[in-house]
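Working notes, structure below.
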Amino acid sequence: MDKKKVKKNVGTLNRREFVKKTAITAGSVYAASTLPSFIGSAQAADRDHILIGRPNPSTGPLAAFGEGTPWADEIAVNEINKAGGIMIKKLGKKLPIKIKTVDTQSNPTKAAEVASQLILKDKVDLMLFYHTPDTVNPISSICERFKVPAISLDSPLEPWLEGGPYKWAFHAFWSVEKDIVPVYTGIWDQIETNKKVGILMANDPDGVAWSEVFKKAGAEKGYELFDKGRFPYGLQDFSP
């Protein structure tokens, strides 16, 4: 292998740092642009803040993804509230933001449960959540059911689209097919090989989506992909 032929990856921003930085921008921009359309004048009498629900995988296998959430939220809330909050035209006043974070325990069923509680019990105005289909997909479905505006990040586009169509849920992230596969095949094309590639994916919505997209796209590029099936999430021993 001629290492000189392999281009160096100049990116220095890892996924966790990307999520931290994106969370501030996406959350504040979406809240500022969307909430004024959803809060009605009938609520003005007892409305003194905007409540955002934050289901987050604080514990469990996905905790590494969720650990930056409180940090990002604090910065966003402080900046918005320092400016007086968000102007709600129907109410004729600005309202400060408050966030209620609840642990999903990295479990899809728990994620749906806490999202329902945030909507029905806490009466949140907006749901903001990220980190893999195990978090994003069930919460998006709950928000659609109860007609609560929602925005999500950090989960491939393909698994999220399978749960649509959506009217109340909005998602921003990359596509495996259009954004990730070209990166991998671009690297593979720089090296002379037998064009046989082994793939190993977890038995979760992420793994299922990635494996199907990669097998199709790889074949179109002349690669033969060998998929030995899904492995349980959290598996530590990969020996035969």
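Is it the case that Ala209 is closer than 14 Å to Thr132 by Cα and either touching a Ser or Thr at 6+ places or on another chain (Cβ under 7 Å) or surrounded by 11 or more Cβ atoms within 10 Å (Cβ to Cβ) (or both)?
So Ala209 passes the test.
Test each condition in (1) assigned to a loop (DSSP other than H, G, I, E, B); (2) touching a residue at least 12 places away in the same chain (Cβ under 8 Å); (3) not small (Gly, Ala, Ser) for Leu225 and report the one that comes out false.
Unmet condition: (1).
Among residues belonging to segment 171-191 that are out of contact with any Lys or Arg (no Cβ under 9 Å at 6 or more places or on another chain) and of a type outside the set (A, V, I, L, M, F, W, C), point out the one that is modelled with the highest pLDDT.
Once the filter is applied, the top-ranked residue is His171.
Can you say whether Lys216 is farther than 25 Å from Leu128 by Cβ and in contact with a strand residue (DSSP E or B) (Cβ under 6 Å, 6 or more places away or on another chain), as far as the supplied structure shows?
Answer is no for this residue.
State whether the residues of segment 142-149 include one that is of a type in the set (Lys, Arg), surrounded by fewer than 18 Cβ atoms within 10 Å (Cβ to Cβ) and touching a Phe, Trp or Tyr at 6+ places or on another chain (Cβ under 7 Å).
yes
Might you let me know whether segment 74-89 holds any residue that is out of contact with any strand residue (DSSP E or B) (no Cβ under 9 Å at 6 or more places or on another chain), in a helix (DSSP H, G or I) and either outside the structural domain of Pro149 (by TED's automatic domain parsing) or among the aliphatic types (A, V, I, L, M) (or both)?
yes
Which of the residues belonging to segment 51-86 are over 21 Å from Val148 (Cβ atoms) and more than 21 Å from the chain's Cα centre (by Cα)?
Asn78, Glu79, Asn81, Lys82, Ala83, Gly84
Does any residue of segment 101-115 turn out to be surrounded by 14 or more Cβ atoms within 10 Å (Cβ to Cβ), of a type in the set (Val, Ile, Thr) and part of a strand (DSSP E or B)?
Yes, that holds for at least one residue.
Please list, ordered by first then second residue, the pairs with beta carbon atoms under 9 Å, 6 or more apart or interchain, first in segment 174-185 and over 13 Å from Trp210 (Cβ atoms), second at pLDDT below 90 and not in a helix (DSSP H, G or I).
Thr185/Lys221
Keeping to segment 168-213, report how many residues are out of contact with any strand residue (DSSP E or B) (no Cβ under 8 Å at 6 or more places or on another chain), of a type in the set (S, T, N, Q) and closer than 25 Å to Leu153 by Cβ.
1
The values are calculated or read from the model by the stated rules, or taken from the named source; none is laboratory data. What you see is a predicted model, and the numbers here were worked out from it, not measured in a lab. For neighbour counting, all protein chains shown are included, and Cβ atoms are generated from backbone atoms with ideal geometry for every residue, glycine included.
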